[in-house]
Amino acid sequence: MAFIADYLKNVKPSAVSVVTALASDLERQGRDIIRLSAGEPDFCTPDHIKRACTRALDEGKTKYPPAIGIHELREAICQKLKKDNELNYEIDQIIVSTGAKQVLFNAFAATINPGDEVILPCPYWMSYPNMVRFNLGIPVDVPTTVQNGFKMTAEALESKITQRTKWLVLNSPGNPSGAVYSKSELEAIADVLRRYPQVHILSDDIYEYMVYEDTQFVSLGQVAPDLSSRLLIVNGFSKAYAMTGWRLGYGAGPVELVKTMFKIQSQSTSGANTMTQWAGVTALKDDHAFVAKNNEIFQARRDLVVSRLNAIEGLYCEKPEGAFYCYISCEGVIGKTTPQGDVIHNDADFVKYLLNETGVAVVHGEPFGLSPFFRISFATSSKILEEACKRIAQACENLN
Ligand code: PLP
């Protein structure tokens, strides 16, 4: 009898962890590696948030939290949703978890019956299809194009809906494309959803604050309040608050769903740790000036990377409107040969070549559901980004 469960054969480890492990191996061999693979701001968590955590420790707030999250944080989340998104949520509609990732996982675990379908516009954050498979659901891809700004049209959505469709996952600003859906695009999507009451909407808003120039974040909840009984909002502290290591996220949705997610959480992790949650209260309630300052820096880095990469023959980089990633087409280098005589057949071959040849670690498009592309994170200094682009340009020039 096999020890490992059969169904896990369909679940893949995160491609980012795989690239990170390869990069670490090369670093141990003495290679100079530039990591543009992880989705992690290089900024440190703001001091006032760190101080809120140490204050909680000093005050002895070190006991088990309520598994659904501390009351004060859930209340602060309701206030945030009201203030930023004009959405009215009651405290019993809020759950706090160890990162947005656990919220998403709990939501799928709470709702998917074997064979249920989950619609994923691609490119998507690579954990979505794996979490769906983990819960015996079927991910249904909706490919988008660079020409459409990597956004799913209402018609494309409708063509994928069946009686088995349980969820549509919307992620705007999106990882890995940085695409941001406008109000009118969301309205068109909402019009389709109104016709299919079996479809629930999971709106992953984790990059909400990271939008550039005139781009506005609009929440589906705001555009279509009549769909609120079918909507789960997922958000977290990792990105805009630079709190990746704290593991704190939350969900806001229908009471029955939140109760079921709580049941899962109470029998698994027992929720997010207590002092992190107190830091989360401060993050939501206190000064947000650092977000705008960080965004200015991110925008300058984005502009640098987009201009450098678009100057390289064989690559094309659409300017992202939000988040901190570029999703770059490498169609123009497919079929070329490396100086070692290897043919680049696909985006996986290309990123392997980049890592080995130049020490630049990026993630290939296949796990994001749309090839031939690769993702870089520009959440690192301009100096490092400049050097990385130089190395990528040289590597492309060396192809025949
Ligand atoms: N959703 C998206 C789109 C992400 O890119 C990420 C992290 O990369 C997450 C959710 C998970 O965030 P957290 O760190 O809160 O678990």
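The values are calculated or read from the model by the stated rules, or taken from the named source; none is laboratory data. Predicted model, so just to flag it, every value in this text is computed and none were measured. Cβ placement follows ideal geometry from the backbone for every residue including glycine, while neighbour counts extend to all protein chains displayed.
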Positions within region 246-256 being surrounded by fewer than 22 Cβ atoms within 10 Å (Cβ to Cβ) and more than 9 Å from the ligand (Cβ to nearest atom), in sequence order: P254, V255, E256
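In this structure, does T274 turn out to be touching a residue at least 60 places away in the same chain (Cβ under 8 Å) and either away from the ligand (no atom under 16 Å from the Cβ) or out of contact with any helix residue (DSSP H, G or I) (no Cβ under 8 Å at 6 or more places or on another chain) (or both)? Outline the logic, then answer.
On the way: touching a residue at least 60 places away in the same chain (Cβ under 8 Å): yes; either away from the ligand (no atom under 16 Å from the Cβ) or out of contact with any helix residue (DSSP H, G or I) (no Cβ under 8 Å at 6 or more places or on another chain) (or both): yes.
In short, yes.
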If a residue must be over 17 Å from G178 (Cα atoms) and surrounded by 22 or more Cβ atoms within 10 Å (Cβ to Cβ), how many such residues does region 359-384 contain? 2
Between residues in region 95-108 that are closer than 11 Å to I68 by Cα and residues that are of a type in the set (D, E, K, R) and within 8 Å of the ligand (Cβ to nearest atom), which pairs lie under 6 Å by C-beta distance while being six or more apart or on different chains? T98/R247
Within region 189-236, track down each residue that is of a type in the set (A, V, I, L, M), assigned to a loop (DSSP other than H, G, I, E, B) and more than 13 Å from the ligand (Cβ to nearest atom). V199, V218, A224
Just for region 333-349: of the residues that are more than 27 Å from the chain's Cα centre (by Cα) and of a type in the set (G, A, S), which one is nearest to R375 (Cα to Cα)? G335
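Tally time: how many residues in region 153-188 are among the β-branched types (V, I, T) and within 16 Å of the ligand (Cβ to nearest atom)? Spell out the reasoning first.
Step one: list which residues in region 153-188 are among the β-branched types (V, I, T), which gives 153, 161-162, 165, 169, 180.
When the remaining residues are screened for being within 16 Å of the ligand (Cβ to nearest atom), the result is 169, 180.
Here the count works out to 2.
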Is it true that L26 is touching a strand residue (DSSP E or B) at 6+ places or on another chain (Cβ under 9 Å) and touching a residue at least 60 places away in the same chain (Cβ under 8 Å)? yes
Residue tally, condition in a helix (DSSP H, G or I) and crowded, with 21+ Cβ neighbours inside 10 Å, over region 87-109: 9
Just to be sure I understand the filter: pairs with C-beta atoms under 9 Å, separated by 6 or more residues or on different chains, first member in region 116-132 and within 14 Å of P176 (Cα to Cα) and part of a helix (DSSP H, G or I), second member within 11 Å of the ligand (Cβ to nearest atom) and modelled with pLDDT under 95. Which pairs pass? S127/S14
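Among residues belonging to region 73-103 that are of a type in the set (K, R) and within 16 Å of the ligand (Cβ to nearest atom), point out the one that is farthest from M243 (Cα to Cα). It would help to see each step written out before you state the result.
Looking only at region 73-103, we keep the residues that are of a type in the set (K, R), and these are 74, 80, 82-83, 101.
Narrowing further to those that are within 16 Å of the ligand (Cβ to nearest atom): 80, 101.
On the way: K80: 18, K101: 14 Å.
Here the answer is K80.
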Somewhere in region 261-283, is a residue surrounded by fewer than 22 Cβ atoms within 10 Å (Cβ to Cβ) and closer than 30 Å to E213 by Cα? yes
